[in-house]
1. If you average the C-alpha positions of the stretch 379-402 and of the stretch 250-324 separately, how far apart do those two centres end up, in angstrom?
2. Any chance you could give the angle, 0 to 90 degrees and rounded to 10, that helix 285-300 forms with the longest Cα principal axis of the chain?
3. Looking at the P(r) of the stretch 357-468, how many percent of alpha-carbon pairs lie beyond 19 Å?
4. On alpha carbon coordinates alone, what is the Rg over Rh value for the stretch 268-420, Rh being the Kirkwood radius?
5. Give me the net charge of residue 398's neighbourhood, meaning all other residues with Cβ under 9 Å from the Cβ of residue 398; Lys, Arg count +1, Asp, Glu -1.
6. Just the Cα atoms of the chain, one point each, no solvent: what log10 I(q)/I(0) does Debye give at q = 0.08, 0.11, 0.13 Å⁻¹?
7. Per the Debye formula with a single identical scatterer at each Cα and no solvent contribution, what log10 I(q)/I(0) holds for the stretch 112-314 at q = 0.11, 0.19 Å⁻¹?
8. Computed FRET efficiency, Cβ-Cβ of residue 95 and residue 410, R0 41 Å: what is it to the nearest 0.05?
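Bear in mind that the values in this text are calculations on the coordinates, not laboratory data. Just so you know, these numbers come straight off a predicted model, no measurement behind them. Glycine gets a Cβ as well: all are built from the backbone with ideal geometry, and neighbour counts include every protein chain shown.
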Amino acid sequence: MRQKRPRSLPGKKKRVLILGLGQYPKGSGISAAMFFAKLGAEVTVTDLKKAKDLAGNLSRLKRYRHIRYTLGRHNPADIRRSDLIVANPRVRPDAKELRLARKLGIPVTSDIAVFLEQCPATVIAVTGTRGKSTTSSMIAAMLKESGRCVWLGGNILVSPLTFLSRIRSGDVVVLELSSWQCESLPQNHSPHIAVVTNLLRDHLNTYGGMTDYAEAKAQIFRHQGTKDIVILNSDDSYGKRWAKEAPGIVRTFGKSRSNDALYSARGIRSGSFSIAANDLQLLGEHNISNAAAAVLAAKAASVPSGAIRRALRSFRPLPYRLETVRMYRGVRYVNDTCATTPDGTLAAYNAFKPHSKNMFFILGGADKMLDYCELGRVFRRAKHRLRIFLLPGSASNKIEKELRGCAVRQVRDLADAVISSSGLAKAGDSVILSPGAASFDQFRNEFERGDMFVRLVKRLPRRAARKA
């Protein structure tokens, strides 16, 4: 792999603006604020949220007494006085604050870009619409099983700036990257190994269309060197196109024998390596696809086949993703809150269809300008074994229109959905929170939604007794 020359960073008396503190305790904004404060920069933090909504992260920054704050708004004066702006990934490139920065010639970067410019180790980065977290975590598990020192961060709720100072040149970093994080990647410091799991319709409420969304994802490999590696899904139309455009070495996974990794419902084969689907603890063909991508990434990083196989056999579902949280009176309760697109919900349906008599789906939430036609077509065909509980939200009306003829009930909230479904489900059935929509109509994020579902499910005996 190529060696990188770290870019010099602003130190004492340089003015750094953190545009978007955020609420995650190890997220992009707070990690960047701490990173530059430790370097001795004059740090200003600005966020559209008010102090009460940022209380957790503000308390974590108390020891850095010289940080300035502008909260509840963005002040153009903060932009003008900055030498460098570190933008939170959720701040769109066309935001007026960033337009002003570009007009003034002030450099704009991100925590991921800063990290890549400074990281002395090999970096494997993973993006895609579905499967990013699972694939990233699988790769990290394979590397760890081989005895390597591995660091996992990015969109998985941990900014890599939190561990940058502890990384050594022989380590390996695995980054999960969202489309917004891919957009911010520096042109001269791309990941050594890039993985794109798939590209499906998502975030169309933010991007102008699929073309813009796809190009954001493509930044993960656009500026790679000729010896760098990109791993693409050949069953995906964008993956096929990108295989012809990538500047580096291309490896593909898919269902045809021409791929570097072949997968099916039976398992995975890649060269001399193979593993049966029955040896995996993950449900669904989409997870076999994720595992195939992870196998290629691990092989590119010289992980032995034995370590890859051991890691896959022991790998368990991540929280919030097809996670069985409880078996209660013979009913399986599944937390799949990270399914924020109809494709995600269909993956959950296909995963649990062979293991369930009837399925009770909790759907709905905030609209991301997505199409629910295919979800409706599949669910209408299986309507005899499905019941749908629709949460309030702007996407729910669209979903209901596609589910004509199905047993659909609108509920007041998530608690109503859990109590109602548990009262109807019988042994052998599954109750699945797989909303197919964003959470912002009712929750701060999808994780808060999933946590509430878990709490409600764990309290079912008490609630059932109270209802009786």
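1. 32 Å
2. 30 degrees
3. On the way: 2680 of 6216 pairs.
Value for the stretch 357-468 (Cα pairs over 19 Å): 43 percent.
4. Details: Rg = 17.9 Å, Rh = 17.2 Å.
Checking Rg against Rh, the ratio lands at 1.04.
5. Every neighbour counted, the sum reads -3.
6. -0.50, -0.94, -1.26
7. For the stretch 112-314 at q = 0.11, 0.19 Å⁻¹, log10 I(q)/I(0) is -0.45, -1.40.
8. Working: r = 36 Å, r/R0 = 0.87.
Calculated transfer efficiency: 0.70.
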